Amino acid sequence: MTEETPGFEEKPDVPSGVTPEDAEPKAASSSPKEAAAPAGDANAQNAGLVAQLDQVRTALGERTADLQRLQAEYQNYRRRVERDRITVKEIAIANLLTELLPVLDDIGRARDHGELVGGFKSVAESLETVAAKMGLQQFGKEGEPFDPTIHEALMHSYAPDVTETTCVAILQPGYRFGERTIRPARVAVAEPQPGAQSVKAEETSETTGDDKESGGPDEG
């Protein structure tokens, strides 16, 4: 009877030339579904990235539009502030020049009476020069047609030698600053003599009639 050696286990027979690792069963190859799974995950990830990119582009477009709108509003604000600044400056200068008009009137009257002499003449001319540099312009001349927008008629008369309402005397010159009329020219106006136009028209028609009746110069 054969005795078994303690602690000795029998191993299955392994063909010669085969290692124990080769004898172990290999794991089954992965299924087609498991192989296709990584490709599906990549497509989903790409789709998510495209969606995020579209969102970023949309947000960028909105921010760009907001920036352009803000820039346009700022430009409009700057133009409005500059326009208001110029307007306020013009109003301030016009108010100052308006206060100087009585002084300029006194200088004009003194010049007309021959009293503008000596140091007073130098001061007066300097003041007129400064007012002109600030943009003050004097207007109003005898013989120009009467314009109610820039003239103020203080005296009225009739004259046979005018064909329309005419300024025949400048009682007080007018002044303007830029396009703003600070003070209208105060004038005396004359209108055509009543009936003068009709009489002149009758004389013209009679002269024309006489020429027609005479037949003109005799023919040789």
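Below are the figures for this structure:
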| quantity | calculated |
| --- | --- |
| E144 vs. criteria in contact with a Leu (Cβ under 8 Å, 6 or more places away or on another chain) and touching a residue at least 12 places away in the same chain (Cβ under 8 Å) | no |
| E115 being free of Cβ contacts under 8 Å to residues at least 12 places away in the same chain, part of a helix (DSSP H, G or I) and either open to solvent by 70 Å² or more (accessible area, probe 1.4 Å) or farther than 14 Å from P173 by Cα (or both) | no |
| Residue list for the range 31-41, restricted to those being in a helix (DSSP H, G or I), small (G, A, S) and either modelled with pLDDT under 65 or surrounded by 10 or more Cβ atoms within 10 Å (Cβ to Cβ) (or both) | A35, A36, A37, G40 |
| Candidates A47, A92, A65 - the one that is modelled with pLDDT under 90 and either open to solvent by less than 100 Å² (accessible area, probe 1.4 Å) or of a type in the set (D, E) (or both) | A47 |
| Residue within the range 67-83 that is of a type in the set (D, E) and touching a residue at least 40 places away in the same chain (Cβ under 8 Å) present | no |
| Any hit, the range 151-163, residues being touching a helix residue (DSSP H, G or I) at 6+ places or on another chain (Cβ under 6 Å), in contact (Cβ under 8 Å) with a residue 24 or more places away in the chain and open to solvent by 70 Å² or more (accessible area, probe 1.4 Å) | yes |
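Results for (1) hydroxyl-bearing (S, T, Y); (2) touching a helix residue (DSSP H, G or I) at 6+ places or on another chain (Cβ under 8 Å); (3) on the phi < 0 side of the Ramachandran plot, shown as yes or no for each residue.
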{"residue": "D105", "(1), (2), (3)": "no, no, yes"}
{"residue": "R109", "(1), (2), (3)": "no, no, yes"}
{"residue": "L136", "(1), (2), (3)": "no, yes, yes"}
{"residue": "G140", "(1), (2), (3)": "no, no, no"}
{"residue": "P148", "(1), (2), (3)": "no, no, yes"}
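The values are calculated or read from the model by the stated rules, or taken from the named source; none is laboratory data. This structure is a prediction, so every number in the text was calculated from the model and none was measured. No Cβ is skipped: glycine too gets one built from the backbone with ideal geometry, and neighbour counts run over all protein chains shown. When the accessible area is computed, the model is the full protein with side chains, heavy atoms only, and any ligands, DNA or RNA have been set aside. Shrake-Rupley method; radii C 1.70, N 1.55, O 1.52, S 1.80 Å.
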